[in-house]
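Asker: Provided herewith is a single structure, encoded as structure tokens, for subsequent inquiry.
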Amino acid sequence: MVAKEFGETLARLHRIHQQLSELRSRLARGPARVSVTRQKLTAIEANLAATKDAIQKTKLTADRKQLQLKESEAKIVNTQGKLNEAKTNEEYQILKDQIAAAEMANSVLADEVLEALEKIDQLTEQAESEKLNVAAGEAELKKVQDAADAEREVLEGEVAVAQAQLAEVEQKLPPEVRTDYQRLSKARGEDALAMVDGEECGQCYVSMRPQAYQDLLMGRIVYCSSCGAMLYLQPGE
């Protein structure tokens, strides 16, 4: 294989490897976008679940306090009935003090019940807003998933075409070169090859030895002494 043809073959192989690398990166980005969108939806759903849990707990608290208030009110009525049965002024005053303390406690309980009911209203309104957020999140996830699926089909087709082109061009390499090339490309992908820029490796920018550059001009296989990439000259050089 003459030097020009050999260099052009390596250049084509490098371009196809670079194309494959970009296609595979784009293939990976689709699932990544879906994953991020799903995580956002999960967070929104968690917020809604937490709000619903808070509503349930607040309702239980309100019910418990309302029951306590009713029981206390019943005790006040019962204690008031005992006032007429008091045999001494001291006993009468004790009952009056108990009623007054119970009424004060009931006032606090009533405020707490009202506060709990207001909190339930606030949380219910918040839950309705979060339900809308969940619905929007589900719609967004479906949109992103559908787009990723459609893009994947296109990209997988392009990958298949590029792989076929790669296999075709690889057959143009001399057998003694093909083995080393396949070993490198399997391990390093597009980094297996590097175009010479001036007299430097286009990948790691280490200068070539004069003899190595002359070998390239003669169409011989040359590896970068620093990064190990298989080198080739710019087409037309």
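The values are calculated or read from the model by the stated rules, or taken from the named source; none is laboratory data. Predicted model, so just to flag it, every value in this text is computed and none were measured. Positions of Cβ are generated from backbone atoms using ideal geometry, with glycine treated the same way; all protein chains shown enter the neighbour counts. Remember, those area values only see protein heavy atoms, side chains included, never the ligands or the DNA or RNA. Shrake-Rupley method; radii C 1.70, N 1.55, O 1.52, S 1.80 Å.
Asker: Could you give me the ³J(HN,Hα) list for segment 204-209, computed from phi with Karplus coefficients 6.51, -1.76, 1.60 and θ = phi - 60°, whole Hz, x at Gly and Pro?
Answerer: Calculated HN-Hα couplings, in order: 10, 6, 8, 5, 7, 6 Hz.
Asker: Something else: For segment 1-114, what does the accessible surface come to per residue with a 1.4 Å probe? Please give it in Å².
Answerer: 66
Asker: If you plug each phi of segment 35-48 into the Karplus form 6.51 cos²θ - 1.76 cosθ + 1.60 with θ = phi - 60°, what whole-Hz ³J(HN,Hα) values come out, in order, with x for Gly and Pro?
Answerer: Per-residue couplings from phi come out as 4, 5, 5, 5, 5, 4, 5, 4, 5, 5, 5, 5, 4, 5 Hz.
Asker: A follow-up question, please. Compute the helix-to-body angle for 89-170: its Cα long axis versus the longest principal axis of the chain, expressed 0 to 90° and rounded to tens.
Answerer: Roughly 10 degrees between the two axes.
Asker: Amide H to amide H under 5 Å from Gly219: which residues, 5+ apart in sequence or cross-chain, H placed 1.01 Å off N in plane?
Answerer: Placed amide hydrogens put nothing under 5 Å from Gly219.
Asker: Further question on the same structure: Roughly speaking, to the nearest percent, how much of the chain's 1.4 Å accessible area is carbon and sulfur?
Answerer: Roughly 52 percent, rounded to a whole number.
Asker: Of Lys59/Lys82; Lys40/Lys186; Lys52/Lys143; Lys52/Lys75; Lys40/Lys143, which ones are farther than 25 Å apart at the Cα?
Answerer: In this structure, Lys59/Lys82; Lys40/Lys186; Lys52/Lys143; Lys52/Lys75 exceed 25 Å between Cα atoms.
Asker: If you plug each phi of segment 20-28 into the Karplus form 6.51 cos²θ - 1.76 cosθ + 1.60 with θ = phi - 60°, what whole-Hz ³J(HN,Hα) values come out, in order, with x for Gly and Pro?
Answerer: Running phi through 6.51 cos²θ - 1.76 cosθ + 1.60 with θ = phi - 60° gives 4, 4, 5, 4, 5, 5, 5, 4, 6 Hz.
Asker: Work out how much length Ala160 to Ala86 would gain on full extension: take 0.36 nm times their residue separation and subtract the Cα-Cα distance, in nm to one decimal.
Answerer: Length gained between Ala160 and Ala86: 16.7 nm.
Asker: Further, regarding this structure: Give the distance, in whole Å, between the Cα centre of segment 8-29 and the Cα centre of segment 160-181.
Answerer: 13
Asker: Among the aspartates and glutamates, which fall within straight-line cross-link reach of Lys4, defined as a Cα-Cα distance under 15 Å, with same-chain neighbours fewer than 8 residues apart omitted?
Answerer: List returned: Asp215, Glu237.
Asker: Give the residues of segment 1-45 whose amide nitrogen is closer than 14 Å to a point set 7 Å from the Cα of Ala167 in the direction of its Cβ.
Answerer: Hits in segment 1-45 for Ala167 at 14 Å: none.
Asker: Let me ask you something else. Using a cut-off of 11 Å between beta-carbons, work out the net charge of the residues near Glu5 (Lys and Arg +1, Asp and Glu -1, Glu5 not included).
Answerer: +2
Asker: Within segment 3-103, which trypsin sites (Lys or Arg not before Pro) sit in a loop by DSSP and count at most 13 neighbouring Cβ atoms inside 10 Å?
Answerer: For trypsin sites (Lys or Arg not before Pro) across segment 3-103 that sit outside H, G, I, E and B with at most 13 neighbouring Cβ atoms in 10 Å, the list reads Lys87.
Asker: Taking the convex hull of the Cα atoms, report for the chain its projected area averaged over all directions, in nm².
Answerer: 22.8
Asker: Note the angle between two axes, namely the Cα long axis of helix 175-188 and the longest principal axis of the Cα atoms of the chain, as a number of degrees from 0 to 90, rounded to the nearest 10.
Answerer: 20
Asker: Among the lysines, select those whose C-alpha is under 25 Å from the C-alpha of Lys57, and discard any that sit fewer than 8 residues away in the same chain.
Answerer: Lys57 reaches Lys65, Lys70, Lys119, Lys131.
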